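For reference, the structure discussed in these notes is given below.
Every number in this text was worked out from the coordinates using simple rules, so none of it is lab data. Quick caveat, the model's predicted, so the values are computed rather than measured. Cβ: placed from backbone, ideal geometry, glycine included. Neighbour counts: every protein chain shown.
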Amino acid sequence: MEVRYNGRNKKIERGLTVSQAFKEEIEKNKYKVVGCLYNNEYRNLETEIQDNAKISLIDISSKEGMKIYRRTLVYIMGKAFEEICPNEKITVEYQLGDAMFCKCDKLQITKTLIDNLKNSMQKIIDKDLDIKKVEMTRSEAEKFYKETDSSKGRLQFNFEENDIIYMYYCEKYYNYCYGVLSNKTSVITKFDIVKYEDGFLIRYPSSKTPNQLSDFKETKKLAWALEEFEKIHSVLDVITVYKINKAIEENRIKDIIMLAEALHEKKIANIADDIAKRKNVKMILIAGPSSSGKTTFAQRLGIQLRLNGLKPVTISVDNYFVERQDTPRDENGEYNFECIEAIDLKLFNNHLVKLLNGDEIEMPEFDFSVGTKKYNGKKLSLKKDEVLVIEGIHCLNDKLTSQISKEQKYKIYISALTVLNMDRYNRISTTDTRLIRRIVRDYQFRGYSALNTLNTWHKVTEGEVKNIFPFQEEADSIFNTSLIYELNALKSIAMPLLKEIDEGYKEYAEAQRLINILKYFREIPNEYVPTNSLLKEFLGGGIFDLH
């Protein structure tokens, strides 16, 4: 029979799996092949090929390939850990760069344990073991869970709509992963296990350097922000999807929402207090990746600043773009508005210095239709009780405000640093949370479909990697804008939008991946979300006029 492979027809024998039919291509590939795109859906290499299939291989030089690699590595870690510590439980908590932070419930992490775990993992990898996806009926799964008293993959069983329950088996070890795993343990070529704080890190390559481990750059401020939220939600007993769904079923969700929102307000108030204590601060710089809730955060911070006797004055960096003919271009010859060189740094700093010296300036307004700054007589000066608030992707980069002394600046990094897990072994990506937020906001306020958002998302994240993430540790404060209940609130809008994308589009694979996360969240009405919540920036109906 014939299939489409990389846009060309290829004859194969009927009944073969992808790994069998493309054995030669897999072996010759420059990087490890870990999965495939089968009719625009992410699949395991053991997928049996049917008529008229469209197939392309996924290797670890792609983002999805590295996600499969990472999931497989965590799966192998779970198997190895269970072998050496059968009576101890472990949780994969959050991501720090190209590493995953894990903690044990009770066991102290020692060098001996780390060495044993690493050696056990390497043996599993060297054996080139099969990882098989097995399906069970609900009655079979019920019997399985009674006999094993296990919580692995149980979220599938708790979701009544699932007629089939899946489990990944490797020898006698079983676990479930909410995403594709490799079919072989031997795909893992590079990894490391290192002690970190009160747990350990599983280190892995990135898709940019798939054949080597990159240097681990410690992000203490980011780790502290994540750990703080992790501990708070552990006390609230809502660190997994099962727990948040349980709170909804038991009519406790309003309490969870109020506590989550109170935590945000407390943190914002603490930041405002810290700014007020620093008497020399005259400029607050806010940066964070897309869909972090920067606009609402700035509004709420402004309220807390006013309580401290400081009046915020906002300046938009977007009015300080260089003239269109001076705008840098990217490798494709297109205008690059995201690089810092696209900002008229000389004029911007000149205006900032004048404002801080008590002088008056005439504010430019950038006309994007013709690509030039215009002056319409809008004057601005800064009084003694006023502080500048500036929000933009380059705000943590000192190059943006090079003429302003350090003591006059207060930098804030904000992001939706998700601490909610599907279960102990399956975390929810911070990037996925932001993507779901953006899908909802783009549809609600910009008239874009989910297809459009998914199609352009890679460009957004590429800009963040270059312009925001390298500077996050420069911040004086890190604010976590995630809300433990937010995917429950966003689901009712996001799901129908994702389901509109059919398998004829390449974005279908990503849409299905997000659907397979969101489907496990019980919905909550949007009216449960307070009007001053950061979530209202995406849902609409908030107290701040943002759109």
Along each principal axis, Cα extent of segment 426-547, largest first, Å: 46, 36, 32
Low-density loop cleavage sites - chymotrypsin sites (Phe, Trp or Tyr not before Pro) in segment 472-518, where at most 16 other Cβ are within 10 Å (DSSP): Tyr505
Order of Ser139, Ser186, Ser482 - criterion: other Cβ atoms within 10 Å of each residue's Cβ, fewest first: Ser139, Ser186, Ser482
Relative contact order (%) - criterion: Cα under 8 Å, at least six apart; region: the chain: 15
Too-long pairs where the Cα-Cα distance tops 29 Å, listed order kept, from Lys103/Lys294; Lys54/Lys118; Lys32/Lys506: Lys103/Lys294; Lys54/Lys118
Helical mean residue ellipticity (222 nm; -39500 (n - 2.57) per DSSP H run of 4+; nearest 500) of the chain: -12000 deg cm²/dmol
Proximal lysines relative to Lys373, as straight alpha-carbon distance under 18 Å, when same-chain residues fewer than 8 apart are discounted: Lys346
P(r) of segment 2-59 over all Cα-Cα pairs, binned every 5 Å from zero, in whole percent: 4, 21, 36, 27, 10, 1
Loop sites in segment 205-248: trypsin sites (Lys or Arg not before Pro), DSSP, at most 15 other Cβ within 10 Å: Lys208, Lys217
Restraint check, Lys152/Lys221; Lys10/Lys30; Lys30/Lys220; Lys123/Lys152, Cα-Cα greater than 27 Å: Lys152/Lys221; Lys30/Lys220
Per-residue HN-Hα couplings for segment 361-368 [Karplus 6.51, -1.76, 1.60; θ = phi - 60°; Hz; x = Gly/Pro]: 10, 9, 6, x, 10, 7, 9, 5
Using a Förster distance of 45 Å, the FRET efficiency for Leu347-Asn158 (Cβ separation, nearest 0.05): 0.20
The chain: angle of helix 253-277 to the longest principal axis, Cα-based, in degrees nearest 10: 40
Distant-in-sequence amide H partners of Glu386 (H built 1.01 Å from N, under 5 Å): Lys311
At 0.692 mPa s and 37 °C, Stokes diffusion of segment 110-179 via Kirkwood alpha-carbon radius, µm² per second: 237
